[in-house]
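Some notes on the structure that comes next.
The values are calculated or read from the model by the stated rules, or taken from the named source; none is laboratory data. Remember, it's a predicted structure, so these values are computed and weren't measured experimentally. We place every Cβ from the backbone using ideal geometry, glycine too, and count neighbours over all the protein chains shown.
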Amino acid sequence: MLPLVGVLALQGDFLDHEAALRAQGVRTRQVRTATDLRGLDAMVLPGGESTTMLTLLDVESLWAPLGATLRSGMPVFATCAGMILLAERVENPVQRSYGLLPITVVRNGYGRQLHSGTFVLESTALPHGTTGTFIRAPRITATGPGVEVLARRNGDPVLVQKGPILAACFHPELGDNHVVVARFAAMVRAHAGQPCHTGRSAAEASA
Ligand code: GLN
């Protein structure tokens, strides 16, 4: 059975995440209720509007159950608004977050819509020339202990990892370069005990 990745689907670009993940050979499930969290191997918090997500998490009584899932040690991929939800400290303005990733983020820290766009990233962990699409993106202004910086934009961290948590200021699920999504899919397979992925399940492979 291929690993199953939950994608928070209250708001934002969860459909693009699902498409990008499926192209990497994992199954996805849209998460809208606590029941949807059962049996997942990993979780994605997509981009969108973090304030709206916070409201909807309360409306759906999902804040606490999602928090338990995120703290369980499974791989978590958080992009843009999703990264804001995970950050230890959120500024501009200060807002509630799960605090699982020791970073400080400033919402809309790269300016608003006019300053959105696609930029070449500085990274030794990603292939040369890898780009990131920034949309009203949060800026990481501080990283705490254990946070590995995998990519930067003009010197600022924009892709970070701490253990099973991978987080990006930009949108790795957009565009035609899914190298960051591929990295997460590899984390998911390793966690689910399927390091030698062929893109097909064992049943399919033997059929
Ligand atoms: N500006 C949004 C927020 O603060 C994040 C933007 C995004 O996810 N693309 O929540």
Considering only residues that are touching a strand residue (DSSP E or B) at 6+ places or on another chain (Cβ under 9 Å), surrounded by fewer than 23 Cβ atoms within 10 Å (Cβ to Cβ) and of a type outside the set (Phe, Trp, Tyr), which ones fall in the range 87-102? 88, 89, 90, 91, 92, 96, 97, 99, 100, 102
Specify which of the listed residues (100, 121) is among the aliphatic types (A, V, I, L, M), within 23 Å of residue 181 (Cα to Cα) and over 15 Å from the mean Cα position of the chain (by Cα). 121
When you look at residue 45, is it within 16 Å of the ligand (Cβ to nearest atom), touching a helix residue (DSSP H, G or I) at 6+ places or on another chain (Cβ under 7 Å), touching a residue at least 40 places away in the same chain (Cβ under 8 Å) and not basic (Lys, Arg), yes or no? yes
Checking the structure you have, find out if any residue of the range 12-20 is within 14 Å of the ligand (Cβ to nearest atom) and part of a loop (DSSP other than H, G, I, E, B). yes
For residue 177, which of the numbered conditions (1) more than 16 Å from the ligand (Cβ to nearest atom); (2) in a strand (DSSP E or B); (3) under 18 Å from residue 120 (Cβ atoms); (4) out of contact with any Asp or Glu (no Cβ under 6 Å at 6 or more places or on another chain) fails to hold? (2)
Residues to consider are 24, 95; find the one that is in contact (Cβ under 8 Å) with a residue 24 or more places away in the chain, of a type in the set (S, T, N, Q) and more than 16 Å from the ligand (Cβ to nearest atom). 24
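Rundown of residues vs (1) at pLDDT below 95; (2) out of contact with any Gly (no Cβ under 7 Å at 6 or more places or on another chain); (3) loosely packed, with under 14 Cβ neighbours inside 10 Å, yes/no style:
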site: 116; (1), (2), (3): yes, yes, no
site: 139; (1), (2), (3): no, no, no
site: 147; (1), (2), (3): no, yes, no
site: 152; (1), (2), (3): no, yes, no
